Amino acid sequence: MSSDNVFKNFIGGQWVESTSRETFENINPADTNERIGVFQRSNAEDVAAAVAAAKSAFPGWRRTPPPKRAEILFRAGRLLAERKEALARDMTREMGKPLEEARGDVQEAIDMTFYMAGEGRRLFGQTTTSELPSKFCMSVRSPIGVCGLITPWNFPMAIPAWKMMPALICGNTVVIKPAEDTPLSSFNLVRVLEEAGLPPGVLNCVSGFGPEAGAPLAHHPDVHVISFTGSTEVGREVAHAGAERFKHVCLEMGGKNVIMVMEDANLDLAIDGAVWGGFGTTGQRCTASSRIVIHKDIYSEFERRFVERALKLKVGNGIYPETQVGPLINEAQLRTVERYVEIGTGEGAQLLCGGKRLTGREYDRGWFFAPTIFSDCTPEMRISREEIFGPVVSLIPCSSLEQAIAVGNNVVYGLSSSIYTRNINNAFKAMQEMQTGIFYVNAPTIGAETHLPFGGTKQTGNGQREAATAALDFYSEWKSIYIDYSDTLQRAQIDT
Ligand code: NAD
């Protein structure tokens, strides 16, 4: 499967090279001298081979009783738990997030694996009444077919697991195309599932770039389901690809999430939340708290204390225990963040701290950026509306709950929002009015758990949800069954 850190594709139960024989390197963003591994630069031919393997494995897997499918997932969950530390270290090296956060990412994969394994003995449908006598009615979940999964780099194991586990427990077969910046964590997950006993062809993995390997997967006629997490721009292309053949498409895309801090908030708690939500994972979470709308009565104090905390954050290589903020994923992301700092300054926002790439011995071989805070932002500024995906937080003053809600909703995205208040009425009002798929009270916008639906409204998503039993609705189709034991022809709506 790998030698000299060369990782192959996994197709039909075999580890194989790309037909192109081309490869690409996976580099540590904290130290670009460190090569994590060499991966296959797959093309449409490799994708077609993986889809063919998944297609031929589908009839056998579809007929495997779900509790038997679940046994494999339970074994995989136990293997992931045993290897958690090593898997987290691999993830920190390829993605950059601090080790503690990488452990959390692996834990999310473990949680999802066990959660979906448990569904093997549930997968509940409904039994219901009939309008006719001697007739029995029920609905059952049916597998759909081959699922194409396309994933981003920011949660390199959790997101693949969110997609794979519900797809597999529902009886589908899978081809995954992981992010080109973080393929190792997906390969680690695939290896665990192979070892846990997944039959050949049920899960296939092809590494490579979006247009070369992701697009052929989205367009392939034998792929019936596409689940994509990534940018809104690429999500739109994937949606078009799916529309050609009316595929089931799940899109999880960008966010511009807001924390609202009211005048009665516990400020210590709100500042802790803003630091974690704004700068955790270097701001590279789809749920990152990139906007903070603050009541004018506490604005100055919040601003002063938040900046103090941001200046104390230890930025560095995530493998060291003292590191709180890791590097950005790559040079392109660093350039994007630099560009947004220029945009913010040009728009008249006040740069309170950060705003620049970090340099010096510790930083010169990585993509490190100082935690950055802009103050006096207006809701119309681009830094208040557009996703930056870096350690940049915009502070926006407000004078009432209603204004905070209006500003919070004034973006094209709708992933996550939160309020800090001790007023229960205001907390519930905000819960009702915020146009986001996820809402928190007295917590930042990050911290989703695997047994609740995950996803966003507006241009964050297309109405589907991941995780929880919501994921089963996406990866299965309902079959409604009517059993007439009357021995007569009974006509619904007529013989009543
Ligand atoms: P991206 O859109 O650049 O890439 C995502 C995946 O799509 C990668 O595997 C990439 O290779 C592939 N891809 C690129 N072009 C493609 C094409 N033409 N056809 C098919 N596949 C293609 O996103 P990214 O930079 O990896 O991730 C960051 C983005 O992901 C941010 O916008 C972030 O908000 C979003 N995100 C959203 C969620 C969510 O659940 N809403 C979670 C995590 C990340």
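Bear in mind these aren't lab numbers, they're just calculated from the coordinates by the rules spelled out. Treat the numbers as computed from the prediction; the structure is a model and nothing was measured. Neighbour counts run over all protein chains shown; Cβ positions are idealised from the backbone, glycine included.
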* Cα-based Rg / Dmax (Å) for segment 1-127 -> 17.9, 60
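Once every DSSP H run of n ≥ 4 in the chain is given -39500 (n - 2.57) and the sum is divided by its residues, what mean residue ellipticity at 222 nm do you get, rounded to the nearest 500 deg cm²/dmol?
Rounded to the nearest 500, it is -11500 deg cm²/dmol.
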* Structure fact -> If amide H atoms are modeled at 1.01 Å from N in the peptide plane, then the residues at a separation of 5 or more from Cys353, or on another chain, having amide H under 5 Å from its own are Ile373
* Asked: Given the C-alpha centroids of segment 126-154 and segment 261-296, what is the distance between them in whole angstrom?
  -> 40 Å
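Taking R0 as 35 Å, what's the FRET efficiency between Glu45 and Glu195 from their Cβ-Cβ distance, rounded to 0.05? All intermediate terms of the calculation are to be shown ahead of the outcome.
On the way: r = 28 Å, r/R0 = 0.79.
Efficiency at R0 = 35 Å is approximately 0.80.
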* To do: Would you work out which of Gln107, Val234, Ala54 lies farthest towards the positive end of the dipole of the chain? Charges go on Cβ: Lys and Arg +1, Asp and Glu -1.
  => Ala54
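What does the charge dipole of segment 288-443 about its Cα centre add up to, to the nearest 20 debye, if the Cβ of each Lys and Arg holds +1 and the Cβ of each Asp and Glu holds -1?
Working: 17 positive and 17 negative charges, 66 e Å.
Value, rounded to 20: 320 debye.
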* Structure fact -> Relative to the chain, whose Cα atoms define the longest principal axis, helix 99-119 and its Cα axis are tilted in degrees, nearest 10, by 20 degrees
* **Debye, to nearest 20: dipole size of segment 400-496, +1 on Lys, Arg Cβ, -1 on Asp, Glu Cβ** => 440 debye
* To the nearest 0.05, how large is the calculated FRET efficiency for Val6 and Glu308 if R₀ is 60 Å and r is the Cβ-Cβ distance? -> 0.80
* Structure fact -> In the chain, taking the dipole from +1 charges on Lys and Arg beta carbons and -1 charges on Asp and Glu beta carbons about the Cα centre, the listed residue (Phe187, Thr496, Gly463) farthest towards the positive end is Thr496
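Pairs Lys296/Lys458; Lys55/Lys458; Lys177/Lys356; Lys84/Lys312; Lys8/Lys55: which exceed 23 Å Cα-Cα? The partial results should precede the final answer.
On the way: Lys296/Lys458 29 Å; Lys55/Lys458 34 Å; Lys177/Lys356 33 Å; Lys84/Lys312 29 Å; Lys8/Lys55 20 Å.
Where the Cα-Cα span goes over 23 Å, the pairs concerned are Lys296/Lys458; Lys55/Lys458; Lys177/Lys356; Lys84/Lys312.
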* To do: Amide H neighbours of Thr23 under 5 Å, at least 5 residues apart or on other chains, H built in the peptide plane: list them.
  => Arg41
* About its Cα centre, how strong a charge dipole does the chain have in debye, to the nearest 20, once Lys and Arg get +1 and Asp and Glu get -1 at the Cβ? -> 740 debye
* Structure fact -> Listed by chain and number, the residues whose amide H is under 5 Å from that of Ile226, excluding neighbours fewer than 5 places away on the same chain and using placed H, are Gly148, His248, Val249, Cys250
* Asked: Which residue, chosen from Pro216, Cys205, Phe246, occupies the Cα position most advanced towards the positive end of the dipole of segment 204-250, where the dipole is computed from +1 (Lys, Arg) and -1 (Asp, Glu) charges on Cβ about the Cα centre?
  -> Phe246
* Structure fact -> With 0.36 nm assigned to each residue of separation and the Cα-Cα distance removed, Ser139 to Ala470 gains 117.5 nm
* FRET efficiency for Arg83 and Glu331, Cβ-Cβ distance as r, R0 = 41 Å, nearest 0.05? -> 0.85
* Share, in percent, of DSSP beta bridges within the chain that are antiparallel, nearest 5 -> 45 percent
* Compactness relative to 2.2 N^0.38 Å, alpha carbon Rg of the chain -> 1.03
